[in-house]
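One structure is given here, and the rest of the page talks about it.
The values are calculated or read from the model by the stated rules, or taken from the named source; none is laboratory data. All of these numbers come straight from a predicted model, not from anything done at the bench. So basically every Cβ, Gly included, is an ideal-geometry build from the backbone, and we count neighbours across all protein chains shown. Surface accessibility is based on the protein's heavy atoms, side chains included, excluding ligands, DNA and RNA. Shrake-Rupley method; radii C 1.70, N 1.55, O 1.52, S 1.80 Å.
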Amino acid sequence: MPAPTDIIAANAVTRQPPTLPSELLQIAETHWLFTEDELKRTPSILDGLPPEKEREYRSKGVNFILQVGIMLKLPQITLATASVFLHRFYMRHPMQGTPGRSGFHHYEVGATSLFLATKVEENCRKMKELVIACVRVAQKDPQKVVDEQEKEYWRWRDVILYNEDVMLEAICFDLSLEPPYKTLFDLLLFFGEEHNKRLRNAAWAFVNDSCLTTLCLLFPSRTIATSALYMSAKHCNVSFPDDEHGRPWWEVIGVKISDIRRACNYMADIYEGVPSKAGGESGMYEHSSETADDSDDKTRAAESQKEDGRSPPTVNGLIISPTGSQVTDGRGLKRGHEDGVRMEQEALTNGTEHEANGEESPRKRQRLGSDAAEANGVLIQPDQVVDTLDIPRSELVRVVTEQNGTAAPAENLTDGGGLVSPRLEDDVEEGEVEA
């Protein structure tokens, strides 16, 4: 049976920052990153299409992908991959035709991108199913009966197969992508916020909306995922702790705060430009200065912990929460209810084995620490802390008194009912049980 400290170390290993993609994948991704000025000189814009119209057609093409994907019950990652293919394709080919050069309609490119993405992500669908779904979405008739002998059916089928070769050549066969969804989920796991539904939904919505824009052509997928977490954290008033070296959380992940704020400001401008059905006012989306002081960032928890001049109490390198609901290590990793339940079951198992061998159960020895903590009116759950860590009772009481803002001697500590705690000098030796 592993020791509790070994279990904590093993659990900490599982909460590591998301690993970087392979070097080849990073190099391939940098080839498809552009500046905002370069996005104003796409083939469609150079042919006379207004930039606003080009962004609108891109958005409509991605929306076509989403509707067809929902009809085919495709996963979100496949739809995100298809949207990236569409945006990259229009960096090489125009939307509208000109004399001597044909254009590519956004619906047709969207259907081809989705067809290619289903192969890349190994979520293949039959060509017949894809064509029927495209015809229904394009004609805005979800219940339309499409016959294989119809002219419309064969037109869509031929367009998809022809455009597939053109798209593969346009995107230089760069088919391996790292969608931001997986990175975002790994970030939520790393910070222990995977069960924060409000934060998770807000970040997920940010990534979904970014697929409709050219954000994938401005920033790597890792920056997009981090920006989604940053904006949702500001929206939900959630902050993340610095690491043991005092570095902010975005440096631990390996993303520049200036890039994060630029991406958030870009999406805020997009949101501001969309007409609101509820009649929202301009300026309702917060913009961040790219040169603002990092120490004053709302998503950092380090400064808020230092307002009273004290650092959070630690025992054996772990931060003890004053609410007793969780224990964290120096990197901000939470020790929640699930870890406590698992360790409690292991402690019970160890106690049963000791009793079977005629030895004194460690559970009985820990009960003394539990009674003393209850007498002190401690908010920390001793069963969760003491069962998990090998912490002397005197150290635990000292930390709790400092956390509660009192420096009274241990013999004078009382709870709300006036019960006096036992003197620390009267503690029994480890392994002994009072009669």
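With Cβ to Cβ distances under 15 Å as the rule, what net charge do the other residues near residue 50 carry (K, R +1; D, E -1)? If you can, show how the numbers build up before the last one.
Numbers: positive: 40, 41, 53, 55, 58, 60; negative: 47, 52, 54, 56.
Net of charged neighbours comes to +2.
Among 287, 31, 87, the sequence by solvent-accessible area, most first, with a 1.4 Å probe is 31, 287, 87.
For the residue pairs 60/144; 126/151; 126/197; 53/119, alpha carbon separations beyond 26 Å are given by 126/197; 53/119. Placing +1 on the Cβ of every Lys and Arg and -1 on the Cβ of every Asp and Glu, with nothing else charged, gives segment 16-60 a dipole about its Cα centre of roughly 180 debye. Net charge around residue 112, counting only other residues with Cβ within less than 10 Å of its Cβ (Lys, Arg = +1; Asp, Glu = -1)? Result for the neighbourhood of residue 112: -3. Pull out a ≥ b ≥ c, the square roots of the eigenvalues of the alpha-carbon gyration tensor of segment 51-210, then state rounded if a/c is under 1.5, prolate if not and a/b is larger than b/c, and oblate in the remaining case. It comes out prolate by the Cα gyration axes. Applying the Karplus relation 6.51 cos²θ - 1.76 cosθ + 1.60 with θ = phi - 60° to segment 254-270 yields 3J(HN,Hα) values of x, 10, 6, 5, 5, 5, 4, 5, 5, 5, 5, 5, 5, 5, 5, 5, 5 Hz, where x marks Gly and Pro.
Express the carbon and sulfur contribution to the solvent-accessible surface of segment 97-179 as a percent, rounded to the nearest whole number, probe 1.4 angstrom.
On the way: 2300 of 4650 Å².
After summing per-atom areas, the C and S share lands at 49 percent.
Average accessible surface for segment 94-168: 55 Å² per residue, computed with a 1.4 Å probe over protein heavy atoms with every protein chain in place. Net charge in the neighbourhood of residue 232 (other residues with Cβ under 11 Å of its Cβ; Lys, Arg +1, Asp, Glu -1) is +2. In this structure, the amide hydrogen of residue 300, modeled 1.01 Å from its nitrogen in the peptide plane, lies closer than 5 angstrom to those of 240, counting only residues at least 5 positions away or on a different chain.
Looking at segment 201-278, the accessible area is 39 square angstrom per residue; that uses a 1.4 Å probe and ignores ligands, DNA and RNA.
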